[in-house]
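Have a look at the structure below, then the notes.
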Amino acid sequence: MGIRSFIAIDVEDPEIVSKIVRVQEEILSSSARLRPVERQNLHFTLKFLGNVEESRIELVVSTMREVLGSFDPFPMHLKGVGAFPRVSRPNVVWIGVDEGRDVFIEMAKELDRSLAKLGFKRETKGFEPHLTIARVKGYSGDLPEIIRRISDVDIGFIDVEEVRFKKSTLTPQGPIYETLYGIKLRQREEVGIE
């Protein structure tokens, strides 16, 4: 059966999380039927893996180490609210990325390419970094107007220093995520000034 898992960057900075919660409150004031993502589950997915046999996890993690070792820590600017498949028909409401977007995409592509060698399915559609903040359960009501009104909201910066291999357990109350491995991005050498 294996472990349902994914590779992600968690959003944990309390100040950033509280700004995201304020955006969630704003969209929850709509007439739409929404299920917000719990604050402890806020993350950017780099690669969804599906069910991974326990015997292959170490292989996935060493591939992650190899790929991520070539990336320096970087700032990521969380900005803008949008929806998939589109604002006029929202199924998923998300916060986007401004600065740091290119590095994130490059990292996701490198992971995708390397994990394909282990037999994981390649991503087929274009990759857009996004932080899911709510899922629409049917009726969307006036949600599109609210998303348009707050579409350029500025959440702020997070420092991306670690990427995590996470386990996802689906429950009727929503998913439970657990970090199994955390991999630090390349640590810059401290250079002393003579």
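Can you run down the residue pairs with Cβ atoms below 7 Å, 6 or more apart or on separate chains, where the first is in the stretch 35-61 and part of a loop (DSSP other than H, G, I, E, B) and the partner is among the β-branched types (Val, Ile, Thr)?
Close Cβ pairs satisfying both conditions: Val37/Thr132; Val37/Ile133; Leu42/Val11; Leu42/Val17; Leu42/Ile20.
Being in a loop (DSSP other than H, G, I, E, B) and surrounded by fewer than 19 Cβ atoms within 10 Å (Cβ to Cβ) is the filter here, so list the residues in the stretch 2-28 that pass it.
Within the stretch 2-28, Gly2, Glu12, Asp13 meet the criteria.
When the residues of the stretch 134-161 are filtered to those that are part of a loop (DSSP other than H, G, I, E, B) and β-branched (Val, Ile, Thr), which remaining residue is nearest to Val92 (Cα to Cα)?
Step by step, filter the stretch 134-161, then rank; the result is Ile150.
Is it the case that some residue within the stretch 78-85 is under 25 Å from Gln24 (Cα atoms) and loosely packed, with under 12 Cβ neighbours inside 10 Å?
For the stretch 78-85, residues under 25 Å from Gln24 (Cα atoms) and loosely packed, with under 12 Cβ neighbours inside 10 Å: present.
Quick check on the stretch 126-135. Is at least one of its residues acidic (Asp, Glu) and touching a residue at least 12 places away in the same chain (Cβ under 8 Å)?
Yes, the stretch 126-135 has at least one match.
Considering only the stretch 29-38, state which residues are out of contact with any Ser or Thr (no Cβ under 6 Å at 6 or more places or on another chain) and surrounded by 15 or more Cβ atoms within 10 Å (Cβ to Cβ).
Listed by number, the residues that qualify are Ser30, Leu34, Pro36.
Every number here is computed from the coordinates shown, using simple stated rules; none is lab data. Note that the coordinates shown come from a computational prediction; the quantities given were computed from them, not determined experimentally. All Cβ positions, even for glycine, are placed from backbone atoms using ideal geometry, and neighbour counts span all protein chains on display.
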